[in-house]
Structures are given as structure tokens and as C-alpha cells.
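Reviewing the structure listed below.
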Amino acid sequence: MFQKFFSWFKGFFRKEKPFKYIFIEDVPDDFKKKIVYVVGESGFSWQLVMLCPCGCGAVLYMNLIEEEFPCWSFTFNKKKQISIHPSINRFVGCKSHFFLKEGRVIWA
């Protein structure tokens, strides 16, 4: 809990670099902070993968296939900043709950 508050507080006073995204065909073995991996091929994406922004080190997998539940979607703005819809809510581990909007974490 303290770590999430500290991350929010730090971001409030200092502009942090936004998350970037990379299109890849397979889930990588090593993950980098502040990168959202869009997994897919031939113009079809089926998964988003990223490290939890709270710093716990957990790898988050988000399904993009509409027929499956739960399902997320993503968009880009003109500055090529990624937004993920709906929020990401972890029920285990660090129990983080956040939105990723225009490359920035908004804690819920």
C-alpha cells in the first residue's frame, strides 16, 4: 500500500516517462519496466503483457480476444501513447488497481 502511495506521490510532483508499447509475435522471456508488449501477428493482437507498475515485479497478462472473459482493449492517441480499457485490477499479490491512460498510470 505504501509503495503505491509513494509511486503516486512521486508522479504528482515529477513528470515520469510514459509507458511505451512494442508489437511482438511472442511473449518475451525478459520484461522491461514501462513497456507494454502487444502480442500478435498479421495485424491481429491477442494479448497485452507488462510488468506491474507498483514495482512488485509481477508480470500482467491481459486478454484481447473479445470472446473470452475478462477482455481488455487498447487505443493510441496522436502522440502514440497507449491507453488500456478497462482498468487493471489485481485480486492477488500486490492487489494493485490502476488505469493506463495515454501512457500514464492512474491509481484507482
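A few comments on the model shown:
- When the residues of region 36-95 are filtered to those that are of a type in the set (Phe, Trp, Tyr) and assigned to a strand (DSSP E or B), the one that is nearest to Tyr21 (Cα to Cα) is Tyr37.
- Enumeration of residues in region 71-105 that are under 11 Å from the mean Cα position of the chain (by Cα) and of a type in the set (A, V, I, L, M): Ile82, Ile84, Ile88, Leu100, Val105
- Pairs where the first residue, in region 62-78, is surrounded by 12 or more Cβ atoms within 10 Å (Cβ to Cβ) and the second is assigned to a loop (DSSP other than H, G, I, E, B), C-beta under 6 Å, 6+ apart: Met62/Trp72; Asn63/Cys71
- Matching residues in region 19-35 - criterion: being under 13 Å from the mean Cα position of the chain (by Cα), part of a strand (DSSP E or B) and not β-branched (Val, Ile, Thr): Lys20, Tyr21
Throughout, read-outs are computed from the coordinates displayed, never taken from laboratory work. No experiment lies behind these values; they were computed from the predicted model shown. Quick reminder, even Gly has a Cβ in these numbers, built from the backbone with ideal geometry, and neighbours come from all protein chains shown.
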